[in-house]
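Here is the structure we will look at.
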Amino acid sequence: MRLADLEIFVVAPPAPGWGGRYWIVPKLTTACGITGYGECYASAVGPDAMRAVIADVFARHMEGESPENVELMARRVWGSGFTGRPDPTVWGAFAGLEIACWDILGKARDRPVWALLGGRVNERLRAYTYLYPEGEAGDAFWTSPEMQAEAAAARASEGWTALKFDPAGPYTIFGGHQPARRDIALSVAMCAAIREAVGDRADLLFGTHGQFTASGAIRLGRALEAYDPLWFEEPVPPDDPHAMAEVARAVRIPVATGERLCGLAEFATLLRLGGASICQPALGRLGGIWEGRKLAALAQGFGAQMAPHLYCGPVEFAASVALGAAIPNLLLVEAIESPFHHALASGPRVEDGFVTPPDAPGLGIAFDETLARAHPYEGDRLHLEMSEAPCDYVRDNAFAGGASDHGRRRRGEG
């Protein structure tokens with residue numbers, strides 16, 4: 001069984017585009033005809049350039065190799081070009097290809113991927129959702145405690161036991177910065193409204209995306225402690241693990257982080273410093289499923305839990321579910337339940353706030369290539385973009401939830 005062919009889908013979800021502007025899904029086929037699908041999480045180059053990177057990684061390090069040899073192929077990529085350190089674009093390309101290898105291996109053995117990772121230890125995985133606007137709510141939703149509280153109550157009634165929101169924007173290229181006093185006040189009001197709406201039915205997951213200095217994050221975090229969030233997500237820039245550890249020591253809310261980290265080494269530094277008690281790898285950037293399995297073991301040794309991150313398409317979600325089924329220190333998996341996600345890759349779905357790992361071979365998905373080809377991304381923007389405007393200390397800041405704007409530039413997408 002040898003890897004022989006590569007095809008790359010760049011899929012644009014329809015409006016509002018939850019999960020980003022496009023999803024990059026590589027398809028691998030073996031010489032004996034077994035196919036597997038993976039997903040590369042957001043990259044720092046456009047989709048055409050990313051296609052070229054994925055093709056180069058495959059041709060240079062994987063073509064003709066057995067899909068079983070994920071560790072060998074990973075070492076080749078990690079050391080490519082005499083680097084031996086994280087490269088989010090190259091490593092992200094490999095991550096999606098690696099996930100596809102696991103899909104192939106499961107199909108070849110007629111077993112789900114979780115069975116190849118040590119077996120299932122979790123019969124059901126607790127899932128969380130972002131709070132998204134519905135109907136005509138529009139941009140006002142993101143700065144309205146009342147609207148978000150209403151959405152939170154609706155999700156809790158559906159069975160969700162963990163809800164994420166992030167009112168403390170903007171996400172700017174000039175981070176970290178001190179939060180505006182208005183942003184602290186809005187964050188407190190949002191926590192208060194959502195806590196009143198859901199009571200003890202659901203945990204509050206307070207999201208930030210690396211926009212603050214350590215001292216600014218501490219100011220904000222201490223203001224939120226009374227509402228007992230389950231986590232304080234990526235409060236400082238991801239390239240500063242010492243600052244993350246400073247926040248973790250000073251705020252009585254667990255720090256969660258990791259969606260922008262690549263490889264085991266970056267998480268190892270963070271854990272050694274005490275910078276997080278909850279690891280949030282995006283498997284399509286971390287390095288794939290095997291790197292996720294290794295991270296879970298590392299985190300377990302530090303008493304940390306795993307909460308795989310998701311802000312892309314359904315293939316990475318299926319990978320998160322496969323990993324989550326096999327690790328003892330799983331806390332949560334992030335889910336995006338949209339009709340387009342379900343149509344593109346039918347597979348694991350959330351019911352009553354939990355997802356059951358599928359017993360079908362591989363990742364347990366049926367990828368609709370016809371639908372993927374009918375929704376190509378034809379723009380020139382990146383999957384996600386940060387604001388070029390600094391924090392506004394006079395007028396209100398806002399974060400629009402990472403929605404694809406289909407042509408309208410938003411401030412601080414995240």
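The values are calculated or read from the model by the stated rules, or taken from the named source; none is laboratory data. The structure presented is a predicted model; accordingly, all values stated were derived computationally and were not measured. Neighbour counts run over all protein chains shown; Cβ positions are idealised from the backbone, glycine included. Note: accessible area is taken over every heavy atom of the protein model, side chains too, but ligands, DNA and RNA are not part of it. Shrake-Rupley method; radii C 1.70, N 1.55, O 1.52, S 1.80 Å.
Kindly indicate the residue of segment 71-104 that is open to solvent by 10 Å² or more (accessible area, probe 1.4 Å) and of a type in the set (Val, Ile, Thr) and also modelled with the lowest pLDDT among those meeting that condition.
Result: THR83.
Restricting to segment 335-369, name every residue that is open to solvent by less than 20 Å² (accessible area, probe 1.4 Å), among the hydrophobic types (A, V, I, L, M, F, W, C), farther than 14 Å from LYS107 by Cα and not in a strand (DSSP E or B).
ALA335, ILE336, LEU344 - these are the residues of segment 335-369 that are open to solvent by less than 20 Å² (accessible area, probe 1.4 Å), among the hydrophobic types (A, V, I, L, M, F, W, C), farther than 14 Å from LYS107 by Cα and not in a strand (DSSP E or B).
Restricting to segment 376-395, name every residue that is under 19 Å from HIS209 (Cβ atoms), open to solvent by 40 Å² or more (accessible area, probe 1.4 Å) and touching a Phe, Trp or Tyr at 6+ places or on another chain (Cβ under 7 Å).
Within segment 376-395, MET386, PRO390 meet the criteria.
Quick one: which of ASP87, ASP56 is touching a residue at least 60 places away in the same chain (Cβ under 8 Å) and of a type outside the set (A, V, I, L, M)?
Working: ASP56 fails: touching a residue at least 60 places away in the same chain (Cβ under 8 Å).
Result: ASP87 is the single residue among ASP87, ASP56 that is touching a residue at least 60 places away in the same chain (Cβ under 8 Å) and of a type outside the set (A, V, I, L, M).
So in segment 1-44, with the set limited to residues that are acidic (Asp, Glu) and touching a residue at least 24 places away in the same chain (Cβ under 8 Å), which one is farthest from GLU337 (Cα to Cα)? So that I can check it myself, show each step before the final result.
Of all residues in segment 1-44, those acidic (Asp, Glu) come to 5, 7, 39.
In the following step, the residues that additionally are touching a residue at least 24 places away in the same chain (Cβ under 8 Å) were identified as 5, 39.
Values: ASP5: 31, GLU39: 17 Å.
Only one residue fits best here, namely ASP5.
Keeping to segment 30-70, report how many residues are within 21 Å of the chain's Cα centre (by Cα), farther than 21 Å from GLU259 by Cβ and open to solvent by 40 Å² or more (accessible area, probe 1.4 Å).
1
Looking at this structure, is ILE184 closer than 19 Å to SER277 by Cα and touching a helix residue (DSSP H, G or I) at 6+ places or on another chain (Cβ under 8 Å)? Even if it seems obvious, please write down each step before you answer.
Working: closer than 19 Å to SER277 by Cα: no; touching a helix residue (DSSP H, G or I) at 6+ places or on another chain (Cβ under 8 Å): yes.
When the stated conditions are applied, ILE184 does not pass them.
State yes or no: is ARG124 among the charged types (D, E, K, R), under 30 Å from ASP352 (Cα atoms), open to solvent by 60 Å² or more (accessible area, probe 1.4 Å) and under 22 Å from the mean Cα position of the chain (by Cα)? Can you show your working first?
On the way: among the charged types (D, E, K, R): yes; under 30 Å from ASP352 (Cα atoms): yes; open to solvent by 60 Å² or more (accessible area, probe 1.4 Å): yes; under 22 Å from the mean Cα position of the chain (by Cα): yes.
Considered against the rule, which asks whether it is among the charged types (D, E, K, R), under 30 Å from ASP352 (Cα atoms), open to solvent by 60 Å² or more (accessible area, probe 1.4 Å) and under 22 Å from the mean Cα position of the chain (by Cα), ARG124 comes out as yes.
Determine whether segment 324-331 contains at least one residue that is in contact with a strand residue (DSSP E or B) (Cβ under 6 Å, 6 or more places away or on another chain), surrounded by fewer than 21 Cβ atoms within 10 Å (Cβ to Cβ) and closer than 30 Å to GLY274 by Cβ.
Yes, segment 324-331 has at least one match.
Conditions (1) within 17 Å of MET386 (Cβ to Cβ); (2) open to solvent by 10 Å² or more (accessible area, probe 1.4 Å); (3) in contact (Cβ under 8 Å) with a residue 24 or more places away in the chain, marked per residue:
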site	(1), (2), (3)
THR143	no, yes, yes
GLN148	no, no, yes
ALA162	no, no, yes
ASP183	yes, no, yes
ALA202	no, no, yes
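Would you please list the contacts, defined by Cβ atoms under 7 Å and residues six or more apart or on different chains, that run from a residue in segment 246-261 that is among the polar types (S, T, N, Q) to a residue that is open to solvent by 10 Å² or more (accessible area, probe 1.4 Å)?
Cβ pairs passing all conditions: THR257/PRO238; THR257/ALA276.
Return only the number of the condition from (1) open to solvent by 10 Å² or more (accessible area, probe 1.4 Å); (2) under 27 Å from PRO26 (Cβ atoms); (3) part of a loop (DSSP other than H, G, I, E, B) that CYS312 does not satisfy.
(1)
Scan segment 151-193 for residues that are under 14 Å from GLY221 (Cα atoms), within 24 Å of the chain's Cα centre (by Cα) and polar (S, T, N, Q) and jot them down.
Scanning segment 151-193 gives a single hit, SER187.
So which residues in segment 201-237 are among the β-branched types (Val, Ile, Thr), under 20 Å from PHE267 (Cβ atoms) and modelled with pLDDT of 95 or more?
Taking segment 201-237 as the starting set, the residues that turn out to be among the β-branched types (Val, Ile, Thr) are 208, 213, 218, 236.
Cutting the leftovers down to under 20 Å from PHE267 (Cβ atoms) gives us 208, 236.
VAL236 - this is the single residue of segment 201-237 that is among the β-branched types (Val, Ile, Thr), under 20 Å from PHE267 (Cβ atoms) and modelled with pLDDT of 95 or more.
With the requirement that a residue be in a helix (DSSP H, G or I), closer than 26 Å to PRO328 by Cβ and open to solvent by 40 Å² or more (accessible area, probe 1.4 Å), what does segment 108-121 give you? Give the steps one after another, and end with the answer.
From segment 108-121, those in a helix (DSSP H, G or I) are 108-109, 113-116; that's our starting set.
Retained after the next criterion (residues that are closer than 26 Å to PRO328 by Cβ): 109, 113-116.
Hits for segment 108-121 are ARG109, LEU116.
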